[in-house]
1. For residue A:410, which of the numbered conditions (1) surrounded by fewer than 23 Cβ atoms within 10 Å (Cβ to Cβ); (2) within 21 Å of the chain's Cα centre (by Cα); (3) within 14 Å of chain B (Cβ to nearest Cβ) fails to hold?
2. Starting from segment A:463-475, take each residue that is farther than 12 Å from residue A:450 by Cα and list its partners that are part of a loop (DSSP other than H, G, I, E, B), counting only C-beta distances under 7 angstrom and pairs at least six apart or across chains.
3. In segment B:44-64, how many are more than 14 Å from chain A (Cβ to nearest Cβ) and touching a residue at least 24 places away in the same chain (Cβ under 8 Å)?
4. Tell me which residues, restricted to segment B:5-30, are under 16 Å from the mean Cα position of the chain (by Cα) and either surrounded by 14 or more Cβ atoms within 10 Å (Cβ to Cβ) or assigned to a strand (DSSP E or B) (or both).
5. Can you confirm whether segment B:168-183 contains a residue that is part of a loop (DSSP other than H, G, I, E, B) and away from chain A (no Cβ under 13 Å)?
6. If we only count helices (runs of 4 or more DSSP H) wholly inside segment A:102-185, which ones have 2 or more residues that are farther than 30 Å from residue A:473 by Cα and in the same structural domain as residue A:76 (by TED's automatic domain parsing)?
7. Filter segment A:171-190 down to residues that are surrounded by fewer than 23 Cβ atoms within 10 Å (Cβ to Cβ) and within 12 Å of the chain's Cα centre (by Cα), then give me how many there are.
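The values are calculated or read from the model by the stated rules, or taken from the named source; none is laboratory data. The shown structure was predicted, so the numbers you read here are calculated from the model rather than taken from an experiment. Here the Cβ positions follow ideal geometry from the backbone for every residue, glycine too, while neighbour counts run over all protein chains shown.
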């Protein structure tokens, strides 16, 4: 059947595009490589920051989720929607935001020095942790919230009726959820932080705060020591894959966190103390998650006059990349509408884009200068990175179409083409455009492989912002960041709009 | 003549059948829930495969053919129409997969639209139709397929009593005009009494040979006495 053929083609494409670079990378690994003290430090720092980031995210997300689950207030829904924003927010924008609040001349340090306290440095471990929890608290909160809202409301009423105290209540009602969800979230965030690149590139660095990912990038880009880079990549890949596989074996495939969260909440009697505690948490976390963004947007808009005409080319490059990778990811994803897709989607977070990019670099460097085909390399990597998201989004919709209408299409005697054209595609449209919007937004904000390859002949908007930052032209960087956010969210909303038109 | 002589086994269900059905009659199928009435229809139409035996239509083996080649149309309990397509497109797809259909096909569509009484609704989506209208469109679809056997898997179960009766009358009229063999699963003995002279009882893992409907539904001595 045509669908099967396509599925096989899609699988082969992915295998070639992912395993090709990985195999090449492994073959390049230096056989006689010895671990230097710098490498050991990088390994240690990688594990330390990943563990601390996930631990802090989980610890801070739990009270926030609990507070959100039991308090009704104006703006609650808005706040919950806002929790999904960091997901499509370009990393570099969030970093600028954090810098503007926690940076050397940021809001926090102005206050600290005003009151005569020592200043806080965002560079190094503290900055990396700050950025990682900024991105991952919302993720963890959504996961906890989803589990909390699925809990039968009768349990809460029962606990109210029995007038259980705080500790017993936690033990009986909340602990089972924490025990189920927290380890999954922890391992997911752990892997994400293991391979985090842009955050460590901008806020880390130096002998004390270098991760494996950053070390790979540095030996690739500056030392041109491919053997060392490949060896480190191999180590990083092993750790990430091991974490993923262990997590799947122990906890099963991760839950789907993309579900809507707008169930009415169960109102109940709570003591005044817990009222203050809950709103305290909501306000503090709400401020932590929003002030950096508001700050970067405000400062950026004030500095619009600094923008130069040369920014048009990177804008154009970024949009082109975003649209094409969205298209490729989404089309490829249609070949993975099966159990395989789920597994690949989960395992693929273990493979960092940088490693694939590095592998592709080594693969093609004997034939053509990789810097001449930057666009194609980045398009490939972004498409692969978007694939798991596209699969996750479209799979439930696809299953539903098949279970509702496949039988009818057989009764009609439809050919596979007719089925695809008249039924599958039109009915998948909503999920399809949502997936394209999401992948486009992710690709738009991506600051990964482009740093490895990008240079004078090909620049994207996030790369330009990074270069401006490195050159201490923060005001101009912030102005460009506003443009980036507007385009990212704009693309996402446009696709969302397309998906919602003319649907029965 | 449809000759059924087969058995089917699955995890929780086994049924066997050995009966012959006449080409232009309406048969009701009645039996307890879970006895395998829907499965029976799925086996005839090819959505499930028989474990052994044969299905002969006019002396031709059809059990190894795909559903669309068996000369059989089926109306399901639900999802009989594509909700995102207009009534016209839902019907047009039964005759051609191309966006533009020929004049001949167009004439066929118009004639069936009159036959089932849905003129004027061609541009609507299924969600803009009443339940009765949706049933008529679904019926129009199977009529366009020009198959000689029509299977009804309780497609009118969600309709109110008077609408359901209207549909049954329509089915009876069409079946008579076109000489169709109709097999109708139902929960309601009244449906069987209304249009089916013969009734097939499905019970105890067996599809029984058709009985006169009056006899099959006899509440005291009939085979379904404990069910009714």
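1. (2)
2. Partner pairs satisfying both residue conditions: A:475/A:303.
3. The number of residues fulfilling the criteria is 11.
4. First, pick out the residues of segment B:5-30 that are under 16 Å from the mean Cα position of the chain (by Cα): B:21-30.
The answer is B:21, B:25, B:26, B:27, B:28, B:29, B:30.
5. Step one: filter segment B:168-183 for residues part of a loop (DSSP other than H, G, I, E, B), giving B:179-180.
If we keep only those that are away from chain A (no Cβ under 13 Å) too, we end up with B:179-180.
Yes, segment B:168-183 contains at least one residue that is part of a loop (DSSP other than H, G, I, E, B) and away from chain A (no Cβ under 13 Å).
6. Working: elements: A:107-114, A:125-150, A:153-162, A:166-169.
The qualifying helices (runs of 4 or more DSSP H) are A:125-150, A:153-162, A:166-169.
7. 0
Residue-by-condition table, conditions (1) at pLDDT 80 or above; (2) not in a helix (DSSP H, G or I):
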{"site": "A:11", "(1), (2)": "no, no"}
{"site": "A:35", "(1), (2)": "no, yes"}
{"site": "A:42", "(1), (2)": "yes, no"}
{"site": "A:49", "(1), (2)": "yes, no"}
{"site": "A:52", "(1), (2)": "yes, no"}
{"site": "A:62", "(1), (2)": "yes, no"}
{"site": "A:69", "(1), (2)": "yes, no"}
{"site": "A:73", "(1), (2)": "yes, yes"}
{"site": "A:80", "(1), (2)": "yes, no"}
